Amino acid sequence: MDLQLHNSKEKITVSDAVFAADYKESLVHQLVTAYMAAGRAGTKAQKNRSAVRGGGAKPWRQKGTGRARAGTIRSPLWRSGGVTFAAQPRDFAQKVNRKMYRAGIRSIFSELARQDRLVIVEDITVDAPKTKQLIGKLADLGVSKSLIISETADEKLYLSARNLPNVEVSDVAGLNPVNLVRYDHVVATVGAVRAIEEWLS
């Protein structure tokens, strides 16, 4: 298939397998969920009755006191005792096969192309790390809330977008399903498109 370059009569030919694949909503949902789950710290921790300091001896004898039997002062029923179902550190990561991940990314790019949310430019650079310059370039492209994909990391471009809340800059190696579906438009350079095509083919 052919994709139109922005503000140009030229088109670039890309692979149908990458940019014209069927949209698989369930697969994309699984990728986004797995990516966000992997980002969770999972460091929540509480102390159960065995982890609370003290409580080694019976507070009083089993029989004869007239009081309810008690084995430890660190029982969850007691003040300053342990937590009944104490939270423990855990890993929230979900396994996603490599083929599934690539198929999901292909599905996202194909849907972006179908919805005209994929804007391809010859190149996007700034002379200096100035936010104002980048705002002007995005205005020329007619986009605001967008993800900018360059073939390799561009420090000036990254610094220019750092103060813009609805703009993110990424190279091809740093792409993930969350930032691809998050923004209204994805602005990609021709070099980035070729690198994506090579990665997902």
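The values are calculated or read from the model by the stated rules, or taken from the named source; none is laboratory data. Note that the structure is predicted; figures quoted are calculated from it, not measured. When we count neighbours, we look across all protein chains shown, and the Cβ atoms used for this are built from the backbone with ideal geometry, even at glycine.
One table, with the values for the structure above:
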quantity	calculated
Residue match in segment 128-141 (condition: more than 30 Å from Ser201 (Cα to Cα) and within 23 Å of the chain's Cα centre (by Cα))	no
All positions within segment 159-201 that are in contact with a Ser or Thr (Cβ under 9 Å, 6 or more places away or on another chain), outside any strand (DSSP E or B) and either without any contact (Cβ under 8 Å) to a residue 24 or more places away in the chain or closer than 20 Å to Thr131 by Cβ (or both)	Leu159, Ser160, Ala161, Arg162, Asn163, Leu164, Asn166, Ala173, Asn179, Tyr183, Asp184
Residue selected from segment 86-117 under the condition touching a Pro at 6+ places or on another chain (Cβ under 9 Å) and not small (Gly, Ala, Ser), by the criterion nearest to Ala20 (Cα to Cα)	Ile108
Hey, Gly66 touching an Asp or Glu at 6+ places or on another chain (Cβ under 6 Å) and among the small types (Gly, Ala, Ser) or not	no
Those residues of segment 97-108 which are more than 16 Å from the chain's Cα centre (by Cα) and either small (Gly, Ala, Ser) or within 18 Å of Ile148 (Cα to Cα) (or both), in sequence order	Ala103, Arg106, Ser107
Residue match in segment 177-186 (condition: over 21 Å from Val28 (Cβ atoms) and within 17 Å of the chain's Cα centre (by Cα))	no
Residue ranges of helices (runs of 4 or more DSSP H) in segment 1-118 with at least 3 members at pLDDT 95 or above	25-38, 98-114
Members of segment 1-58 found to be under 15 Å from the mean Cα position of the chain (by Cα) and free of Cβ contacts under 8 Å to residues at least 24 places away in the same chain, listed by number	His29, Gly39, Ala41
Of residues in segment 59-78 being of a type in the set (Ser, Thr, Tyr) and under 24 Å from Lys47 (Cα atoms), the one surrounded by the most Cβ atoms within 10 Å (Cβ to Cβ)	Thr72
Inter-residue pairs, beta-carbon under 6 Å, first within 18 Å of His6 (Cα to Cα) and in segment 126-138, second charged (D, E, K, R) and in a helix (DSSP H, G or I), 6+ apart	Val126/Lys156
Of all residues in segment 139-155 being part of a loop (DSSP other than H, G, I, E, B) and touching a residue at least 40 places away in the same chain (Cβ under 8 Å), the one that is farthest from Val18 (Cα to Cα)	Ser144
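Residue-wise test of (1) exposed (fewer than 15 other Cβ atoms within 10 Å of the Cβ); (2) at negative phi; (3) of a type outside the set (Lys, Arg); (4) in contact with a helix residue (DSSP H, G or I) (Cβ under 7 Å, 6 or more places away or on another chain).
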site: Ser110; (1), (2), (3), (4): no, yes, yes, yes
site: Ile124; (1), (2), (3), (4): no, yes, yes, yes
site: Ser150; (1), (2), (3), (4): no, yes, yes, yes
site: Tyr158; (1), (2), (3), (4): no, yes, yes, no
site: Ala161; (1), (2), (3), (4): no, yes, yes, yes
site: Gly174; (1), (2), (3), (4): yes, yes, yes, no
site: Val181; (1), (2), (3), (4): no, yes, yes, yes
site: Gly191; (1), (2), (3), (4): no, yes, yes, no
site: Ile196; (1), (2), (3), (4): no, yes, yes, yes
